[in-house]
Amino acid sequence: MAVESRELRDCLGHFATGVTVVTCLGDGEPHGATVNSFTAVSLDPPLVGVALSRRSRTCRYLDGAPFTVNVLCRRQDDLARHFAGRPSVAAVEWVPGTERLAGALAYLTCVPWRSYDGGDHVVYLGEVTGFEHHGGEPLVFYRGAFHRLGEPFDVAPWLGSLDNPDVGWLPAPTTRSPT
Ligand SMILES: Cc1cc2nc3c(=O)[nH]c(=O)nc-3n(C[C@H](O)[C@H](O)[C@H](O)COP(=O)(O)OP(=O)(O)OC[C@H]3O[C@@H](n4cnc5c(N)ncnc54)[C@H](O)[C@@H]3O)c2cc1C
């Protein structure tokens, strides 16, 4: 089946994500790009990943370079647009002496770990060397638009699986033939 890019993008847009700006040094100056392909990868070693279009400047700058993931808060949709190529802020506010954007929800600083061919993107894994989180409401991207997070279904935190090698496997569910 031939995959039509526009339809694939529409389908992928149903996966709601947070929004980050990945910053690094580019030609000696701080540089940033809006990225929602950010994902947690591993705790030991601590790894995170981002996928960057080969056409982006950031893709070139990240080759073998340290980077910072700035997790945006709800009020930073203007920064998300700005770092996606729609200039919308007069002056970007940085935490002095860093490549961190002032007011972000969380920061992860990374050194390069590996990079992988991802078709028209490159997947960069970074080893986390430092992080900070400040709480607050995240910015959400869903079906091509910025959103606020809705109300939780359940206030109890997720406490992990009860079906794993540490606590023992649950009995296999009985399977029924479709009627
Ligand atoms: C919600 C969302 C998620 C996205 N996720 C991804 C993704 O996962 N992967 C991906 O490849 N693309 C993603 N994009 C697209 C990506 O953000 C744009 O293609 C962007 O332009 C990156 O291009 P670039 O690296 O060439 O950066 P540039 O085009 O060079 O920079 C992007 C913008 O940021 C401004 N800027 C950069 N550095 C500074 C600075 N120091 N001070 C002030 N302004 C600065 C530039 O002027 C420019 O307007 C996403 C876009 C959106 C809206």
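Numbers for the structure displayed
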| quantity | calculated |
| --- | --- |
| Elements of type strands (runs of 3 or more DSSP E) contained in the stretch 31-123, each with 3 or more residues being within 13 Å of the ligand (Cβ to nearest atom) | 46-53, 67-71 |
| ARG74, sole failed condition from (1) closer than 16 Å to LEU139 by Cβ; (2) more than 18 Å from the chain's Cα centre (by Cα); (3) open to solvent by 50 Å² or more (accessible area, probe 1.4 Å) | (2) |
| Selection from the stretch 124-144 of residues that are assigned to a strand (DSSP E or B) and either more than 16 Å from the chain's Cα centre (by Cα) or not aliphatic (A, V, I, L, M) (or both) | TYR124, GLY126, GLU127, THR129, GLY130, PHE131, GLU132, HIS133, PRO138, PHE141, TYR142 |
| Qualifying residue in the stretch 7-14 (condition: in a loop (DSSP other than H, G, I, E, B), open to solvent by 30 Å² or more (accessible area, probe 1.4 Å) and more than 7 Å from the ligand (Cβ to nearest atom)) | yes |
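The values are calculated or read from the model by the stated rules, or taken from the named source; none is laboratory data. It should be emphasised that the depicted structure is a prediction, and the values quoted were computed from it without experimental measurement. Positions of Cβ are generated from backbone atoms using ideal geometry, with glycine treated the same way; all protein chains shown enter the neighbour counts. Just so you know, the surface numbers come from the protein's heavy atoms only, side chains and all, with ligands and any DNA or RNA stripped out. Shrake-Rupley method; radii C 1.70, N 1.55, O 1.52, S 1.80 Å.
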